[in-house]
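The next block holds one structure in the form of structure tokens; read it before the comments.
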Amino acid sequence: MKINMPGLWQSDLVAQAVRDSIPKLDPRSLWRNPVMLAVEIGALLTTLISAGDIIQGRPYGFDAQISIWLWFTILFANFAEALAEGRGRAQAETLRSARSEAKAHRIIPGDRIEDVSALDLRKGDLVLVEDGGIIPGDGEISEGVALVDESAITGESAPVVREAGGNLSGVTGGTRVLSGKVTIKITANPGETFLDQMIGMVESAKRQKTPNEKALEILLIGLTCLFLVVVVSLQAFAGYMGLSIAATVLVALLVCLMPTTIGGLLPAIGIAGMDRLLSHNVIAMSGRAVEASGDVDVVLMDKTGTITLGNRMATQFLPAVGVKKEELAQAAMFSSLADETPEGRSIVDLCKETLGIRGRDIRAPEGSSFIPFSAESRMSGIDWDKREIRKGAHDAIGEYVEQRGGSMPEDIRAAVESIAREGGTPLVVAEGSRILGAIRLKDVLKTGIRDRLINLRKVGIRSVMITGDNPMTAAAIAAEAGIDDFIGQARPEAKLEAIRKYQREGHLVAMIGDGTNDAPALAQADVAVAMNAGTQAAREAANMVDLDSNPAKLLDIVEIGKQILITRGALTTFSVANDVSKYFAIIPAVFAAEYPMLSVLNVMHLATPTSAMLSAIIFNAIIIPLLIPLSLRGVHYTPTTALELLRRNLLIYGLGGLAVPFIGIKLIDMLVIFLHLE
Amino acid sequence: MLVGRFATILPALALAGSLAQKRIVPASSASLPVASPLFVIMLVGTVIIVGALTFFPVFVLGPILDHLLLATGRTF
């Protein structure tokens, strides 16, 4: 289930956002957004003035209209924030609904089992889940092996194996055990699971501002103060010339000049970034991490699963001198028939192809016994009728034949070396003391990984591959995939060392990991994504969790992070550039009565001074809802150089920000005149 | 004038402080080349627009109005 982003104007979400935007008028909640707080103070002031007008029987139309539009400016900003929050909550609810309130079998002291509601489970409880049972909460398997259907949260229909001990012990509440009996140690209290944390993250009030947001906010407050000084000094200058400017006009001028557009949309942009991550099935634990992902310039990737498919495929038989290819293929097939690993199956497929066999089920010969692969022997094979066929790593097979009086032929030694050099994994097949030949197993690159890595390089991100392979093999795969750098024969600590090294050089490092031995590296990385299937330690050390456990997701995360930063920049530029036209609308209007010659500055030919000021304020208000889609979806992002991006966005949001309000204010002015609002 | 000149320096210093605390990132192909014509145009444009926004209202009441009045024959 890929969670679809709810439609932008989905009616129930919009209705909810409208309701939510009113309580947000409370100055105590607006306190977090100083620009909007300033607008609210202005709105209060003009409202009081209009009330005074009404009570004393003065004409109140203009003051009242300005007040109304000022309130709308704040409401629109609140609405943007509420809509982004609502969308995040809706998506999280979709995920949460996967959780059922099924009964859990809790194990209590004395090995007895009691049935409790899943909601009563606490951290540290042990629960028993059997065939067909729903896993009641996030946890870690402490005993047993199970085949788990995680499609409810990941959308991946193929069930996955989760077992105690290894790196695949993490389970998520709401998923179903298809077969097996496991004891699960619950690792999160109800209300504290990853989803609950995520839902908390989109609630603006609980959200911590990210460093970038703080910096931008300082800038916006600075601009606000600056324009406050401008407006106050304008009043002083006017006073010197014997003019007086109405307070409402001053407030209107100030609000138009303040960067209300970006100030109003800033929280929505941040929340929308989290929403977008969630729609990629990634749960972010901190806004800081989401933002850091936009600045990441080194990405550490495991070879397996990210760059290559998990398993290697047999692609070629290299028979020894004096051995027919068919003989090698036959032997390889027999030794692999009972081998259910993907490698084993790919060997059988290649054998069938080589031997021209179409049969679906080739049986192992009567009376044969299969020797499974073990870490000690590092080979597998089959015994029957005194024949012993073995396949395995070349040194293991070398020892095996030497014990039986044979030796490794020179040509096979050379073949093995060349396979390794080209990035493959050599397997050697032997029967008794005789070496039959070698099989080339090749890592298969994930489709599209090359293009994605090229895109990463375009935006200046260095990709580093980490693999346990020997450096020769690693180099070959790195070259094939277009990786910038690699660390071969990596021990578990190698990741942590690599991250420290890059960070010392000033890089921001992102990595994805799953195992417990990844946890220190995850804790060290600036952006750390843990796979949901990973261990609890990994998930706790990370600042994001990928529900799909797809390592290639790191690339999406980086793109979303960049998009958030670019969107903020673009809207700030747009907001400041807008001010130019507002001056041309308001300043001539303010002094039109005393100095009609200033109308040369009225380049938009706005009808009357009142209509000019009203149009500017109305434009200022409605530009916020008009830009909501952009701030929720993010600025269009294509991977390219920083200069190219800047050129494009300056053209659109800088020049656009200069031009759009001239047209917009003029149109609104015509409408204001048409409706006789002035 | 004084406030317009100096008070606005405060938030700029605050921003500089927050920038100074950040790590120094080595230049890479992701860095924005600051020696490009585009960057110069952007920088100059920002300085002019923000400067103009600050002083435009007073400018209008002063020199611009003076010029327009001169054109109509009024002098002081």
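The values are calculated or read from the model by the stated rules, or taken from the named source; none is laboratory data. Nothing here was measured: the structure is a model prediction, and the numbers come from that model. Heads up, the Cβs are rebuilt from the backbone with ideal geometry, glycines too, and the neighbour counts pull from every protein chain shown. Surface areas here come from the heavy atoms of the whole protein model, side chains and all, with no ligands, DNA or RNA. Shrake-Rupley method; radii C 1.70, N 1.55, O 1.52, S 1.80 Å.
Computed values, structure above
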{"item": "Residue within region A:464-482 that is polar (S, T, N, Q) and at pLDDT 85 or above present", "result": "no"}
{"item": "Meets criteria (part of a helix (DSSP H, G or I) and at pLDDT 85 or above) for A:THR224", "result": "yes"}
{"item": "Condition broken by A:LEU598, with the remaining ones in (1) open to solvent by less than 10 Å² (accessible area, probe 1.4 Å); (2) farther than 20 Å from A:VAL672 by Cα; (3) touching a residue at least 60 places away in the same chain (Cβ under 8 Å) satisfied", "result": "(3)"}
{"item": "Region A:238-270, residues that are among the hydrophobic types (A, V, I, L, M, F, W, C), assigned to a helix (DSSP H, G or I) and under 38 Å from the mean Cα position of the chain (by Cα)", "result": "A:VAL255, A:CYS256, A:LEU257, A:ILE262, A:LEU265, A:LEU266, A:ALA268, A:ILE269"}
{"item": "Some residue of region A:503-522 being within 13 Å of another protein chain (Cβ to nearest Cβ), open to solvent by 30 Å² or more (accessible area, probe 1.4 Å) and free of Cβ contacts under 8 Å to residues at least 40 places away in the same chain", "result": "yes"}
{"item": "Any hit, region A:549-562, residues being within 14 Å of another protein chain (Cβ to nearest Cβ), under 25 Å from A:LEU632 (Cα atoms) and either without any contact (Cβ under 8 Å) to a residue 24 or more places away in the chain or open to solvent by 10 Å² or more (accessible area, probe 1.4 Å) (or both)", "result": "yes"}
{"item": "Region A:206-226, subset within 11 Å of chain B (Cβ to nearest Cβ) and free of Cβ contacts under 8 Å to residues at least 40 places away in the same chain, residue most open to solvent (accessible area, probe 1.4 Å)", "result": "A:LYS214"}
{"item": "All positions within region A:384-397 that are farther than 22 Å from A:ILE412 by Cα, open to solvent by 40 Å² or more (accessible area, probe 1.4 Å) and in contact (Cβ under 8 Å) with a residue 12 or more places away in the chain", "result": "A:ASP385"}
{"item": "Top-ranked residue in region B:51-66 [being surrounded by 11 or more Cβ atoms within 10 Å (Cβ to Cβ) and more than 7 Å from chain A (Cβ to nearest Cβ); ranked as nearest to A:VAL232 (Cα to Cα)]", "result": "B:PHE55"}
{"item": "Unmet requirement for A:ALA659, which otherwise passes all of (1) within 30 Å of A:SER67 (Cβ to Cβ); (2) in contact with a Ser or Thr (Cβ under 7 Å, 6 or more places away or on another chain); (3) at pLDDT 85 or above", "result": "(2)"}
{"item": "Residue list for region B:7-18, filter: open to solvent by 80 Å² or more (accessible area, probe 1.4 Å) and either more than 9 Å from every other protein chain (Cβ to nearest Cβ) or modelled with pLDDT under 75 (or both)", "result": "B:LEU13"}
{"item": "The lone exception for A:PHE62 - which of (1) part of a helix (DSSP H, G or I); (2) within 34 Å of the chain's Cα centre (by Cα) it fails", "result": "(2)"}
{"item": "Elements of type strands (runs of 3 or more DSSP E) in region A:424-466, at least 3 residues being away from every other protein chain (no Cβ under 14 Å) and open to solvent by 30 Å² or more (accessible area, probe 1.4 Å)", "result": "A:434-445"}
{"item": "Output for region A:486-500, where each listed residue is under 13 Å from A:VAL298 (Cα atoms) and open to solvent by less than 50 Å² (accessible area, probe 1.4 Å)", "result": "A:LYS495, A:ALA498, A:ILE499"}
